[in-house]
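These notes concern the structure reproduced below.
No value in this document is a laboratory result; all are computed from the given coordinates. Here the structure is a predicted model, which is why all the values come from computation and not from measurement. Cβ: placed from backbone, ideal geometry, glycine included. Neighbour counts: every protein chain shown.
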Amino acid sequence: MHNQQKDIHPRKNISTKLLSLLCKREFIASNKSLFTGDFCTHLYTQLLLENRKSEANLLILSIIENLSDDSILIEKILAAAAENLDIHTCKQATKLLIQKNIANGLIIRFEEGIIAHDYALRSSISSTWGAYLFKSFKKQENLLKADISKLRSIKKQIFFCSSSLSSSKKNTTHNLQNTGYIFNKCTIQEEQCNAMVETFKSANNLINDKLITLLDRQKVIEKVILLAQEKTGYQHVIWHCLYQTKNASENTLTSYWHLDNHFSDNNPKIIIYLNDQSVNGGATDFKNSNQTDLIAKHTSYIGLPEQRKDWQRHMSEWKSKDPATANKTNDYDRFSPKEAGSSVLFYPSRCLHRGKAPITGKRHVLTMSLLPIQSQERNSELEALTRHSIDLLFTQTKKSRPEADFNPVWIPYKNRVE
């Protein structure tokens, strides 16, 4: 074994015989320190270059079997697979990670299914999709373009556990499914907003135990769960939240039209405005899901970070070719509430949106991310949903990057992968 290790160099090609050995679960289990992220991606790339796809697949699954606690390593190796458009292997890897979540108790059980929420699983799904997106887009006439219909099909595969909600349960009363967003008054009381602003007024992108404790004490978590159920027809848990502050004239990447492409299409967000914007002028703008689909179909624009500053160029090119269709997407709705405590519930991967900085003063908001579950016991489970949400939020604060909003996974028992 010692002589074999001497022949291993992370940047040199490895002999055929030794490469086969390195893919085996037993070798990886006995030599974990060898398998860094860079070394694993080097092995995987060499296997593909030598057209040894089955061994490349085995390497990834063996790494996950033995090194799933190293979330950074798992992200790197699955990103490499996604960049090579090896979605079948990524799906196998995700199933294996879910099985390990179940075996290790990193789940929340419900009568109809489970939530898997381990950080390695969540970040791996996100990095797999992100890598596939990056690889799929190509430069055409200085604009990033891709086959949008194919991308949507692949996304459903990568987020396969999160795409099981039945379309038959659409709530047509509020039309949320058609527009992708809905504005709500008095989601929480003004005095609750004032208490948060007073406590966290200098913070941005903050999630910590103090914030979660305050949200629990003020029953904000319970109110948001009830609102999401009323508007969507599904029960939800809240798995992420951020206190955010936008200063006057502040311009960031979220100030451009974009989608939260790393979100499952079933997972909504809510933004609660904590201070009156009638004078300040802070806002969030939305294009509905039909407009978003038209724009994506004709321009490939889905608000990737690399695309955002080219928004005008994407639209100008389309309008020069098909102005009648393009002009259908000109309008947008602006959410700039006069009453603190007003909110917008929306699907961030379905409708284009952008944040608008205030003209004066500050814009204080609370952003919360939700996961829908299919549950029959609607009223009796509110206390349990609130408790699970609090547990998930406290777990998030312990992560090395608590602000990172990688989606957890809902798995109905009929889709179990054990």
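Listed values, structure above:
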read-out: GNM result for the chain, Cα springs below 10 Å: residue of 205, 104, 267 fluctuating most strongly; value: 104
read-out: With Cα atoms, 0 to 90° folded angle of helix 119-136 axis to the chain main axis; value: 90
read-out: Highest-fluctuation residue, 277, 177, 218 considered, GNM on the chain with Cα pairs under 10 Å; value: 218
read-out: Helix 148-158 axis, angle to the chain major axis (alpha carbon atoms, nearest 10°); value: 70
read-out: Given (1) 24.1, 75; (2) 42.2, 147; (3) 22.9, 73, the label whose value is Rg and Dmax of the Cα atoms in Å derived from this model; value: (3)
read-out: Highest average packing first - 368-374, 310-316, 35-41, Cβ atoms within 10 Å; value: 368-374, 35-41, 310-316
read-out: Gain upon complete extension [residue 156, residue 391; 0.36 nm per residue less C-alpha separation]; value: 81.8 nm
read-out: Magnitude of the charge dipole, segment 2-140, Cβ model with Lys/Arg +1 and Asp/Glu -1, debye to 20; value: 440
read-out: Percent RCO, i.e. relative contact order, over the chain, from Cα pairs under 8 Å lying at least 6 residues apart; value: 22
read-out: Debye, to nearest 20: dipole size of segment 177-314, +1 on Lys, Arg Cβ, -1 on Asp, Glu Cβ; value: 180
read-out: Extension gain, residue 316 back to residue 38 (0.36 nm per residue minus Cα-Cα distance, nm); value: 95.9 nm
read-out: Nearest 10 degrees, 0 to 90: helix 289-299 Cα axis against the chain principal axis; value: 50
read-out: Calculated [θ] (222 nm, deg cm²/dmol) that DSSP helices of n ≥ 4 give over the chain, each run adding -39,500 (n - 2.57); value: -13500 deg cm²/dmol
read-out: Positive dipole terminus of the chain, leading residue within 369, 158, 316 (C-beta point charges); value: 316
read-out: Cα centroid separation - segment 128-145 against segment 295-357, whole Å; value: 19
read-out: Sequence ranges 257-264, 269-276, ranked by mean other-Cβ count within 10 angstrom, highest first; value: 269-276, 257-264
read-out: Charge dipole of segment 2-140 about the Cα centre (unit charges at C-beta), most positive-ward option of 134, 15, 37; value: 15
read-out: About the Cα centre, charge dipole magnitude for segment 260-400 (Lys/Arg +1, Asp/Glu -1 at Cβ), debye; value: 480
